[in-house]
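Notes follow once the structure below has been shown.
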Amino acid sequence: MSEELTSAEFHKRYPQLGTGPVSTDIYWKPDLYQLEIENIFRPAWHYVGRAEQISESGSFFVKELETFGVSILVVRGKTGKIKAFLNACVHRGNKLELEARGKKSVFSCKFHGWSYGLDGGVTHIPDIDEGFPGVDCSKLSLKELDMGIWEGFIFVNIGGRSVQPLEDYLGEQGKDLVGYPFSHATTMFKFSGEVQTNWKFLIDSFCESYHIHFLHKKSIDGPMAGPENPFGRAVDIRIKGMHRTFATRGNRSWIPKPLQALASKYSPGLSITGSGDTPISMPKGVNESGSPDWAMDVNVFFPNLICTIGAGTYYIHQVWPLAPNKSRYELTGYMLPAINAAQRFGQQHAISEIRDVVLEDLNVLERIQKNMETGLIDQIYFHDHEIALRYQHYTVQNKINGSINEVMDLKE
C-alpha cells in the first residue's frame with residue numbers, strides 16, 4: 001500500500017445526506033417505480049452507442065430502449081451527420097428496420113413498402129397518386145428524436161418536454177472527463193441479460209467496494225482489497241450535481257497467480273486485477289485525487305449509465321428498468337486493438353475476470369430483491385464509504401417527490 005487508507009469521513013464532506021438508515025420503499029413498491037419512470041427516466045438523456053459504430057455514410061444501428069418499449073434507429077447521413085429516429089414507419093407504425101446494424105442507402109418497410117432516405121424523409125410510397133390523394137411525399141419523414149454527441153457517445157432524449165442540453169445534463173462530471181481517449185478503444189465486447197432485481201441495486205453494486213473481501217474472496221479480493229485494505233476503503237468519492245464518481249483502490253503489493261501474471265505482462269492495464277499505469281495524459285476527472293493506489297474510477301451519470309475508467313480500458317454499464325423487481329443489464333467493454341496474439345490473450349483473460357465478478361454480484365442482488373419484496377425490511381444501512389449509494393437514494397427520493405430541478409448540488 002503506497003498511502004494511508006482513506007478515513008471513514010465522507011459523511012463530513014456531505015453532511016446534508018445524513019448517516020442514518022434509509023427507507024427501502026423505492027426498491028420494490030410499484031407506485032414509486034412508476035414515478036421513477038416518469039420523473040427520472042423519461043426526461044433523461046440515454047446513451048445508445050458510439051460514433052465509431054457508424055463511421056461511414058449509410059451505416060446504422062438499432063437500439064431498443066426496453067424501459068419505454070421504444071426502438072431507435074441511429075443513422076449516419078450522406079453529409080456525415082448522425083441522426084436518431086423512432087424506428088417506426090409513419091404509414092401504420094410498423095417497425096421499420098429489423099436488423100441490429102448494417103449499411104443501407106434506403107430503409108424500406110416490410111409491411112407496405114414505404115421507403116425512407118438517410119435523412120429520414122419519405123422517398124417512395126407505393127400507389128401514392130391514386131391511393132393517397134392530397135398526400136405530399138416530400139413533407140413526410142420519420143420522427144426525429146433529440147440527439148447529442150459527447151466525446152463520441154451518442155445520446156438520445158425521448159422525453160418530449162423542454163429538453164435540457166446534453167452538456168448541461170452531463171454537467172461538471174462530463175466536463176472533467178473531456179479529453180479521455182475514448183475513441184482509441186475500438187475493440188468491443190458485451191454482456192447483457194435480465195436480472196430479477198431493482199435497477200438501483202444494480203447501480204449500487206458497482207459503487208462500493210466494502211463487499212469485495214466477502215463476496216469476491218476468490219476473484220478480486222487480492223488485487224482490489226487484500227489484508228491491508230480488508231474493508232475495501234475507496235480512494236475517493238466525489239458528488240457532482242446529480243452524478244458521482246467512486247474511485248477504487250488497487251492493491252499494489254498483490255502477487256498474481258501465474259496465469260494472471262502472464263496476462264498482465266503482455267497486456268498491462270487491461271485487467272481489472274491490476275491498477276496499472278498509462279502513458280497517456282489523463283483529464284482532470286481521472287484519478288482526481290492523484291492517489292498512487294488508484295485502480296479505476298466508477299463514474300455514474302444519473303440515473304442508469306456508468307462509465308468505469310481504468311488504465312488501458314473503459315467499460316460502460318447500463319441498467320434499464322423493466323419492472324420494480326426486474327432490469328436489463330448491459331456491459332460493453334472497450335479496449336485498444338490488440339497488435340499480437342499475446343495482447344489478445346491478455347484481453348480475453350480480462351474479459352473472463354469481468355464476467356466472473358459480475359455474475360457473483362448479480363447472484364446476490366436477486367436474493368436481496370426477494371427479501372425486499374416481503375415488505376418486512378423497512379430500512380437499510382450504508383457504510384460511510386457507501387455514500388455514493390446514499391446519494392442515489394437521496395436523488396431518487398427528490399425526483400419522485402417532484403423536486404425535479406431542486407436536487408442539491410453538494411460541494412465539499
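The values are calculated or read from the model by the stated rules, or taken from the named source; none is laboratory data. As the structure is a computational prediction, the values presented were derived from the model and not from experiment. Note: ideal-geometry Cβ built from the backbone for every residue, glycine included; neighbour counts use all protein chains shown. To get the accessible areas, we keep the full protein, side chains included, count just its heavy atoms, and leave off ligands, DNA and RNA. Shrake-Rupley method; radii C 1.70, N 1.55, O 1.52, S 1.80 Å.
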Residue among L142, L98 that is under 38 Å from the mean Cα position of the chain (by Cα), within 18 Å of K83 (Cβ to Cβ) and hydrophobic (A, V, I, L, M, F, W, C)
L142
Only strands (runs of 3 or more DSSP E) wholly contained in the range 62-124 count here; list those with 1 or more residues that are farther than 28 Å from N39 by Cβ, touching a helix residue (DSSP H, G or I) at 6+ places or on another chain (Cβ under 6 Å) and of a type outside the set (S, T, N, Q).
70-76, 122-124
The correct count of residues that are over 21 Å from P43 (Cβ atoms) and touching a strand residue (DSSP E or B) at 6+ places or on another chain (Cβ under 6 Å) in the range 295-315 is 10
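Considering only the range 95-112, how many residues are open to solvent by 20 Å² or more (accessible area, probe 1.4 Å) and hydrophobic (A, V, I, L, M, F, W, C)?
So the count comes out to 4.
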Taking the range 328-348 and the residues there that are of a type in the set (G, A, S) and crowded, with 17+ Cβ neighbours inside 10 Å, the one that is farthest from N198 (Cα to Cα) would be A338
Show the residue pairs meeting these rules: Cβ distance below 7 Å; 6+ apart or different chains; first residue within the range 302-327 and over 20 Å from L170 (Cβ atoms) and modelled with pLDDT under 95; second residue small (G, A, S) and part of a strand (DSSP E or B).
G310/A295; T313/G333
What is the residue count in the range 374-389 for residues that are open to solvent by 80 Å² or more (accessible area, probe 1.4 Å) and within 18 Å of P30 (Cβ to Cβ)?
2
Can you tell which of E97, E144, E130 is over 20 Å from F301 (Cα atoms) and modelled with pLDDT under 95?
E130
Filter the range 138-152 for residues that are hydrophobic (A, V, I, L, M, F, W, C) and without any contact (Cβ under 8 Å) to a residue 60 or more places away in the chain; the one that is surrounded by the fewest Cβ atoms within 10 Å (Cβ to Cβ) is L140
Filter the helices (runs of 4 or more DSSP H) completely within the range 181-244 down to those with at least 2 residues that are in contact with a strand residue (DSSP E or B) (Cβ under 7 Å, 6 or more places away or on another chain).
199-205
Do we find a residue being more than 19 Å from the chain's Cα centre (by Cα), closer than 30 Å to N371 by Cβ and surrounded by fewer than 16 Cβ atoms within 10 Å (Cβ to Cβ) anywhere in the range 37-47?
yes
Take the range 354-373 and flag every residue that is open to solvent by less than 20 Å² (accessible area, probe 1.4 Å) and within 20 Å of M296 (Cα to Cα).
I354, V357, V358, D361
Taking first residues from the range 39-57 that are under 17 Å from Y329 (Cβ atoms) and second residues anywhere that are at pLDDT 95 or above and among the charged types (D, E, K, R), the pairs with Cβ under 6 Å that are 6 or more apart or on different chains are V48/K63
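Can you pull out the residues in the range 299-317 that are closer than 17 Å to E194 by Cα and either open to solvent by 10 Å² or more (accessible area, probe 1.4 Å) or in contact with a Ser or Thr (Cβ under 8 Å, 6 or more places away or on another chain) (or both)? I'd like the intermediate steps shown before the answer.
Taking the range 299-317 as the starting set, the residues that turn out to be closer than 17 Å to E194 by Cα are 304-305, 316-317.
Answer for the range 299-317, where residues must be closer than 17 Å to E194 by Cα and either open to solvent by 10 Å² or more (accessible area, probe 1.4 Å) or in contact with a Ser or Thr (Cβ under 8 Å, 6 or more places away or on another chain) (or both): L305, I316, H317.
Can you find, within the range 153-169, the residue that is nearest to M242 (Cα to Cα) among those that are among the aliphatic types (A, V, I, L, M) and open to solvent by 30 Å² or more (accessible area, probe 1.4 Å)? Please lay out each step first, then the result.
In the first step, residues of the range 153-169 are kept if they are among the aliphatic types (A, V, I, L, M); the result is 154, 156, 158, 163, 166.
Next, only the ones that are open to solvent by 30 Å² or more (accessible area, probe 1.4 Å) stay: 158, 163.
Values: I158: 19, V163: 16 Å.
Within the range 153-169, the match that is nearest to M242 (Cα to Cα) is V163.
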Condition broken by Y116, with the remaining ones in (1) surrounded by fewer than 16 Cβ atoms within 10 Å (Cβ to Cβ); (2) in contact with a strand residue (DSSP E or B) (Cβ under 9 Å, 6 or more places away or on another chain); (3) more than 21 Å from A51 (Cα to Cα) satisfied
(1)
Members of the range 195-217 found to be open to solvent by 30 Å² or more (accessible area, probe 1.4 Å), at pLDDT below 95 and either among the polar types (S, T, N, Q) or touching a Lys or Arg at 6+ places or on another chain (Cβ under 9 Å) (or both), listed by number
Y210
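Does E172 satisfy the criteria of being open to solvent by 10 Å² or more (accessible area, probe 1.4 Å), modelled with pLDDT of 95 or more and either among the hydrophobic types (A, V, I, L, M, F, W, C) or closer than 26 Å to A350 by Cα (or both)?
Considered against the rule, which asks whether it is open to solvent by 10 Å² or more (accessible area, probe 1.4 Å), modelled with pLDDT of 95 or more and either among the hydrophobic types (A, V, I, L, M, F, W, C) or closer than 26 Å to A350 by Cα (or both), E172 comes out as no.
Would you confirm, using the coordinates I've provided, whether P283 is at pLDDT below 85 and out of contact with any strand residue (DSSP E or B) (no Cβ under 9 Å at 6 or more places or on another chain)?
No; evaluated as a whole, the condition is false for this residue.
Yes or no: A225 at pLDDT 85 or above and touching a Ser or Thr at 6+ places or on another chain (Cβ under 8 Å)?
Values: at pLDDT 85 or above: no; touching a Ser or Thr at 6+ places or on another chain (Cβ under 8 Å): yes.
So A225 fails the test.
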Among the residues listed as R76, R92, the single one being touching a Ser or Thr at 6+ places or on another chain (Cβ under 8 Å) and either without any contact (Cβ under 8 Å) to a residue 60 or more places away in the chain or open to solvent by less than 10 Å² (accessible area, probe 1.4 Å) (or both)
R76
